[in-house]
Amino acid sequence: MRVRRLEIHGFKTFADRTILELTSGITAVVGPNGSGKSNIADAVAWVLGEQNVRNIRGSKSQDVIFSGSQKRKALGLAEVSLTLDNSSGRLPLDYSEITVTRRLYRSGESEYLINKTPCRLKDIVELFLDTGMGREAYSIIGQGEIDALLSARPEDRRSLFEEAAGIKKYQFRRKEATRRLENTEANLRRVNDIIAELSSQIEPLAEQAKLAEEYNELVSRLREIETGLLINDLRRWSEELERVRESKSVCAASIVECDEKIAAFEQEKEKIAELLKSLDKEIEEAHAGCSAASDAVQRTKSRLALLEERETSVSASVKRIASEIEQIENRIFEAEERLVRMKSEALGCSEREAKLAEDVDERSKSLEAIALEIESAARIVEDSKSVYLEFAREQASKRAELEALQVRIAELRSAEAKYSAEADALRNSLADKEKQAAEVRAELEEISLRIKDRKSRLSDAVKHRDQVQNALSELSRRLDKIERVYAEKSSRLDTLRELAEAYEGFFEGVRAVMSANKKGVLKGDYAVVADVISVPKGLETAVECALGSSVQDIISDTTDAAKEAIRFLRENRAGRATFLPLDGLRPSSGRVSDLNTQGVVGLGSELVSFDSRYEKAVQVLLGRAVIVDGIDNAVAYSRKASGWLRVVTLEGEVIVPTGAISGGVRSGRASNLLARRQEIDSLEEELSCLKSERGEVEKEMQSAEADLKRAEHEIEALEKADADDRLAMVETERQASFTEQEYGRIKAEIEVVSAELEDVILSIKNDLASAETLSAELSDYGVENTSLDDLVAEAQSKLDKLTKERAALNEELMELSVTLAAVRERRAGFEQSIMQLESSISDMKLRRAAGMEEMERQTAASAANSGERDELVQKLSSEESYLADAQNRLNILTEKRAEVSVRYSTIDSELKSLNHRRSEASESIRSCDVKEARLEVQIAQAAERLQEEYGMSAEEALARSEPAEVERGTAAEVARLRREIRAMGIVNTGAVQEYQRISERYEFLVSQRADLEDARAKLQEGISEIDKSTRDLFMGTFRSVSEYFDIMFKRLFGGGSTELTLTDPSNLTETGIEVIVQIPGKRLQNMTLLSGGERALTAVALLFALLMARPSPFVLLDEVDAPLDDANIERFADVLREFSHNTQFIVITHNRATMEAADTLYGVTMEEPGVSKLISVRLADESERRRIGSEVTASDSEPVSVS
């Protein structure tokens, strides 16, 4: 592998593209000081990835770019390409030739390329690892760096040995493995933290998931039931709606039939009406004569009828009132009789209750007495049995027993005193328990009242919370709608902005110029016409047609800017564009006439709005464009007006001065360009309004959420207080129960103690008697034995008898208690009924008194009406006599008219009947309409609820083959389900999915942790293997370099000795390397005591030792021979020629001997100040090398001239 070519462009002083064709062997680069020779070495280091700009003699990265000279401008980029022959395949790429390129732009952007393919710096570094050509390798030794090989710290010198050992790639891999290990450790810690967090979440989520599943089951069951109910209602209402519509159809047919009959009767009625009208006209004169008398008679009769009606009404009222009073008295009598009976029955109930209570008390006492007798008899039986069993022993120890009996009597007397005191204490405790029970009952009542009151408050709080939740849901829907609209408009605005920024829709040349101006490639101020004018709504088409393609013209500040942009378009073949330079525009000075003509909207330049700086451009484009409302007015205006350039209608027709008219339909492209800015402004305003509205809704939501939180806190507090009270109630009830139990226990203990006391007294008497008769009992042992058997049998018989009596008494006492409770309940019912009867009797007596007062008032009014009636009867008699004569004259006409009127009345009656039937039918239709509307609303509501809540349409519900079964008790089950759902509170329905997700994530993370731990182990194992390999390689190379260094040192110095030592042999991965040399004729000494030449030659010996240990295909030496004298340079040149068989050398030098050793010579000059230029020659023979060397060394200030 060797370097074929080095290509430099814009790097430091190499402003022009410069190519160095490199051959095998030694290539020398010569030239005067400051000509740019070392820039070649910097270029090689830079292209191989050097990142420290100080190592290539710079202060910042842009310093490597050609910065200009007196005659040349600064360049915008620096580029270096290094081409290598890879036919040996040493580089790990499948190419026979590889070109590595690095570019840096003045903007700071940089590029790396391998064979013109973009890559990373890392790729280039990895490519040259362990090839001896890396940026940190010993293949490039710059000015002053040869001495740094020895003056560097031992730890820094180590890197040269690592490169020679070929372990750079291992170190790189170790570094990558270490980094991955650190990342793995960090990931492992993060995974462990997440697993710990998830572990604390899984158990609560499992409980929530279980609760959510129960909740979903309840909701599913409730949905099933409610769906069935809704479907049944929908089916029932649909059937009822069909029946209503059928009834409505029947009524409509009846109305049609009635209308036909009414029309026939109306025609006949009209004819009879005409006849009546004729008769009325004939009797009008006769009727006028008697009308006054008739009116008088009628008035009198009316008055008389009114009086009679009043009399009848008064009489009826009196009768009615009398009847009511009689009924009330009968009811009062019946009620009083019933009251007497009830009181009697209540008294009987009270007496029976008292008697039953006495019987209950008596039976209770008898039961207690029998209990005592049973207890005594049982004790006697037991005692007798015990005596019988111990009788044999007592016979042998009667004397001892007599003494024990005396002791027992003393103990019984002591027990008697003890039982008496205990009975008194128990009675005091019993009184305390009664008081405590009363306090507990009072506390229970108080807690019950609190619970009842809180239940009402809790119901109100829940209603309020539901209202707030509904309001919050509505606000949330509003916010979602606003967010959706906002997102749509925001997306549209972003799209329009992107189109505007990219100048989409514009010509290619316009886009190129505006893009270049935006990037700074074109300086100056450029603006497109479409962006600088604002068109009022409705004028877009007219202005578009008036501008035509000029809508895409570019306005520039100056003519030079326009020329620069045109040059840019031509050089980059980026299309064409029209420019309007503001300093070169000459708007027409002529005026457009007749702008006040009918139909003229105005001049285009006056109708649009724009920045005043663009006035010239707008005047040029629209200053003589007249906008007219229609084509007819446009044609008329164009014929009589002058000074205009084009006449444009609102619809887009255009008339030019030649008389040509254009019109039709255009694409919307230009219109979009004009309207784009307006739409952007409109969208920005709308988004601002939406943002404000969203803020208001969010504030309302925050307020509602706060209100909801307060309501929930209130409900929580009420529920907590309710739970506390219920717990207190349970505790109080338990306390009450305990108090009652204690009361019963103490009472039982008192009874037991009393019985015990009686037993003690009885025992004392018995023991005294036993003591007196003990001697006799001993003598009569046989007789006593028989009598003892009889006593036990008799006591056992008595005990059985008493037990049966107690059972009978218990049963009798239970029956009496039940009967007593029933009697008490009946007595309470009688007392309630008595109170109601007494209240009812009082009300009826008040009503009777009021009726009697009303009857007296009506009687007085009847007497007053009788006197007035007599007067009216006399007056009516005289008026009727006067009227009789006038009536006789009208009889004939009246009889005739009466006959016609009868027929008229008959028809009218028929019409009324028909109208009534029709009204009934109409009313039925209206009723059907109401029912139909109600049923339709109910059906719509049911269908809407089915659709919204259950996603089922009404057609799907009615299409079910079988009606939904609704079992008895379904309403109760719905209520139960709702209670259970409500009791579950707020349920996290997403807990099931969340639990599944968390569980899956937990399991995934556990597996990931295992993978990470496995990866960590593998990385640690890999690092260990890398460390072992690098140590072995390093030590092998160290020993080889030590040996070669000693050989090269002796060759270059003609003797002496060397030694390389490790500063820390125990740590081979980080140990430094010390260099110790002995110059011939001198003792071992520190490197700092050597002369400059000695240090340089020693460094050269070390460099060649490294090349012997691991040859590098390419080495660049920058004036490393400067400190050497002629003799040492000769030796240096000889070694250089020897190594050039395997290594390609580029040597930058001023020494003649080094130049003579070169196979190819490059000269670097500066014909133009600040710009380096390269001249090359292939040296064929020794004489040519010597001649060139002599010329170069003669004067370093003169440029090299070769031919």
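Data for the structure
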{"quantity": "Efficiency of FRET from Cβ geometry, SER1024 and VAL974, R₀ 60 Å, rounded to 0.05", "calculated": "0.25"}
{"quantity": "From phi via Karplus (6.51, -1.76, 1.60), per-residue ³J(HN,Hα) for the stretch 1047-1063 in Hz, x at Gly/Pro", "calculated": "5, 5, 5, 5, 5, 6, 9, x, x, x, 8, 9, 8, 10, 10, 8, 6"}
{"quantity": "P(r) weight above 15 Å for the stretch 212-278, C-alpha pairs, percent", "calculated": "74"}
{"quantity": "Segment LYS455-SER87, extension gain: residue separation times 0.36 nm, minus the distance between their alpha carbons", "calculated": "122.9 nm"}
{"quantity": "Entries in LYS463/LYS720; LYS1050/LYS1082; LYS122/LYS1018; LYS463/LYS699; LYS365/LYS801; LYS71/LYS1173 that, when Cα-Cα distance is taken, lie over 21 Å", "calculated": "LYS122/LYS1018; LYS463/LYS699"}
{"quantity": "30 Å Cα-Cα reach of LYS845 towards lysines, excluding residues that sit fewer than 8 places from it in its own chain", "calculated": "LYS319, LYS343"}
{"quantity": "Two-decimal ratio, the stretch 1037-1164, of alpha-carbon radius of gyration to 2.2 N^0.38 Å", "calculated": "1.11"}
{"quantity": "Anisotropy class of the stretch 1071-1144 from Cα gyration tensor, a/c 1.5 cut", "calculated": "oblate"}
{"quantity": "Separation of alpha-carbon centers, the stretch 853-876 and the stretch 36-65, rounded to whole Å", "calculated": "141"}
{"quantity": "Out-of-range pairs (alpha-carbon distance over 18 Å; input LYS518/LYS616; LYS519/LYS616; LYS489/LYS691; LYS175/LYS1028)", "calculated": "LYS518/LYS616; LYS519/LYS616"}
{"quantity": "Equivalent ellipsoid, the stretch 552-668 (semi-axes from 5 times Cα gyration tensor eigenvalues, Å)", "calculated": "31, 17, 12"}
{"quantity": "Separation of the SER612 and SER1007 label points, Cα + 7 Å toward Cβ, nm", "calculated": "7.4"}
{"quantity": "Cα gyration tensor of the stretch 28-75 - equivalent ellipsoid semi-axes, whole Å, descending", "calculated": "19, 17, 9"}
{"quantity": "Amide hydrogen neighbours beyond the local backbone of SER1172, cut-off 5 Å, H modeled", "calculated": "PHE14, ALA15"}
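Taken together, the values in this text are just the output of simple stated rules run on the coordinates, not laboratory data. All values derive from a computational prediction rather than experimental measurement. Neighbour counts run over all protein chains shown; Cβ positions are idealised from the backbone, glycine included.
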